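Participant: Okay, handing you the structure first.
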Amino acid sequence: MEIKGISLKTIRNKIIYFIGVLLYKILLDIVFVYFISPNYFYYMNLTTDININKLIFSYIIVSVLLLIMPNQSNYISNIFLNVQFLVTLLPMLSLYAMSNRSTSFIVIVCLAHSLQCVIVWLAHQHYYQKTNIIIQKGKNWATLILLFFIGISVTYTLLKYGFVSLEAFNLTKVYSIRQDISYGFPFSYLLPWTFKIVCIFFMLIALEKRNYIGAIIASLFQIYFYLVYANKQTLFSWLLVLGCYWLVKKADLIKGMIYGLIALLLISGIVYKVLGNILILSYLVRRTLFVPATIKFAYFDFFSKNLKLHFADNSIGNLLQIASPYDLEAPKLIAGYLDVPNSYCNSGYWGDAFANFGYVGVILFSLVLIFIVLWLEKIVRNVSVLIYMPLLVSLFYNLNDSALLTWCLGGGGGLTVFILWLYGNCRRNKQKNEDANKKIQENCA
């Protein structure tokens, strides 16, 4: 049955999406006020200072954004917008109201997000052709590159650190383990690329081919790198990708993300109240959702009153010989500003954009990113959705803690685009993957 060309199923899904997001926002507010702030008020300004006007305004913003947010999991850009909305923007809106943060900054990031939504909607109204550049045996070249990264990274790690203990599974000890870890160029790029992108890519290829032994081997490499380098993101991204793989294959990715975040907030609160264990609240709620949000506001607070960077802190600034107005890098500046001088406060791309070019930077960087995402949709059409979608969800999540240029280079964004482009340049599997992707995406519609 349809109402003016809109099916009842579409209306029902939109209502479910609307209710799910509002429930998630309500739980964010409750968890922050009753659990996060009382336990971590001393850390990075996570204090409670409820402003009723801002609270009402935050729910008006959420309601307006929900009218333009896509809720179907059939496009990469839809997934990107929802990851950004759920993991980045809604925690910022919660802090905005519950900790009395800046209205001007929240308005500009909401405007940037809205522009991205409009551009995605316009792009999906027109069919755009796939890129015509074809690399012969692209899949083979992609596989060789991935094997090269794993071989170099495993050899380097074994020679320098050997086999390690299971101490890193105690999450409270990861910082002390990392104090003894160091690697210079080029391993400062090769190693993060390997455990952020390469091992996960191989695992997804193996799972898609039902090669479970290969998936286990790739997973063991990922766990080994975590035990050596004690980077929590290595472990959590592996778990996140596995969960997204299951959702893409069996359910709906966007609904699954909403339900999963709601469950995380409920379970973490219950575990803390009943068992007195704050570990889930600390690592999966405070660190994942609220710390990145408060750092973004700190970047705004500092750089709205002080000189902008104008790319002085990154490779573009080095190339153009732009001198920084500060003695310290921005993450160390903000760490001092937040009274955590021993930390390194990386910001998501919105915070970094403001630090470089103010309000104009937030809009400009958002536009650049959404066009990168739309280009991704063009180059993955010959790749199975079971491979590219879970990998990209993890990559989009990393933007919550990464500057845009850092994400493209050290964060593995550029490498992922290149490998997906190569891997998709295989005519033999074109029709097979297009048919499989269409069937999976129809289930999400």
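Read the figures in this text as sums done on the coordinates, not as results from a lab. Since the structure is predicted, the reported quantities are computational estimates derived from the model, not experimental observations. With ideal geometry, Cβ positions are generated from the backbone for all residues, glycine too; neighbour counts draw on all protein chains shown.
Participant: Taking a label point 7 Å from the Cα of TYR326 along the Cα→Cβ vector, which residues of segment 281-299 have an amide N closer than 19 Å to it?
Facilitator: Residues 291-299 qualify, since their backbone N sits under 19 Å from the label point.
Participant: Could you work out how much longer the chain between TYR59 and VAL164 gets when fully extended? Use 0.36 nm per residue separation minus the Cα distance between them, nm to one decimal.
Facilitator: Stretched fully, the TYR59-VAL164 segment lengthens by 32.9 nm.
Participant: Same structure, new question: Between ILE68 and TYR212, what is the spin-label point distance in nm, taking each point 7 Å from the Cα along the Cα→C-beta axis?
Facilitator: Spacing of the two 7 Å Cα→Cβ label points: 4.7 nm.
Participant: Can you give the Rg and Dmax of segment 35-95 based on its C-alpha atoms, in angstrom?
Facilitator: 14.6, 42
Participant: Out of residues 5 or more away from ILE50 or on other chains, whose amide H comes under 5 Å of its own, with H placed 1.01 Å from N in the peptide plane?
Facilitator: none
Participant: Using Cβ counts within 10 Å as a stand-in for footprinting exposure, how do VAL120, VAL383 rank, fewest first?
Facilitator: Exposure proxy ranking, most exposed first: VAL120, VAL383.
Participant: Indicate the helices, whole DSSP H runs only, in the chain that combine a mean Kyte-Doolittle hydropathy of -1.0 or more with a Cα extent along their long axis of 30 angstrom or more.
Facilitator: In the chain, the long hydrophobic H runs are 8-31, 103-124, 138-161, 253-275, 349-379.
Participant: Can you give the longest run of the chain that contains no trypsin sites (Lys or Arg not before Pro) sitting in a DSSP loop with at most 16 other Cβ atoms inside 10 Å?
Facilitator: The answer is 5-129.
Participant: Which FRET efficiency, nearest 0.05, do GLN233 and PHE418 yield, Cβ-Cβ r, R0 25 Å?
Facilitator: Efficiency for this residue pair is about 0.75.
Participant: Name the shape class, rounded, prolate or oblate, that the alpha-carbon gyration tensor gives for segment 75-234, where a ≥ b ≥ c are the square roots of its eigenvalues, rounded holds for a/c under 1.5, and otherwise prolate holds if a/b is larger than b/c and oblate otherwise.
Facilitator: oblate
Participant: May I ask which residue of LEU399, THR172, LEU204 lies farthest towards the positive end of the charge dipole of the chain, with charges of +1 (Lys, Arg) and -1 (Asp, Glu) on Cβ and the Cα centre as origin?
Facilitator: LEU204
Participant: Step through the residues of segment 279-290 one at a time and calculate ³J(HN,Hα) from phi using the Karplus curve (6.51 cos²θ - 1.76 cosθ + 1.60, θ = phi - 60°), rounding each to whole Hz and writing x for Gly and Pro.
Facilitator: Computed from phi, the couplings for segment 279-290 are 4, 5, 4, 6, 7, 9, 10, 4, 5, 7, 10, 8 Hz.
Participant: Over the Cα atoms of the chain, Rg to Rh with Kirkwood Rh, two decimal places?
Facilitator: On the Cα set of the chain, Rg over Rh gives 0.95.
Participant: Using the structure shown, list the pairs from LYS25/LYS296; LYS54/LYS378; LYS54/LYS308 with a Cα-Cα distance above 29 Å, or answer none.
Facilitator: With Cα atoms farther than 29 Å apart: LYS54/LYS378.
Participant: Would you order ASP401, ASP301 from fewest to most other beta-carbon atoms within 10 Å of each residue's own beta-carbon?
Facilitator: Lowest count first: ASP301, ASP401.
Participant: Among HIS124, HIS113, which comes first, then next, by fewest other beta-carbon atoms within 10 Å?
Facilitator: Final ranking by Cβ density, sparse to dense: HIS124, HIS113.
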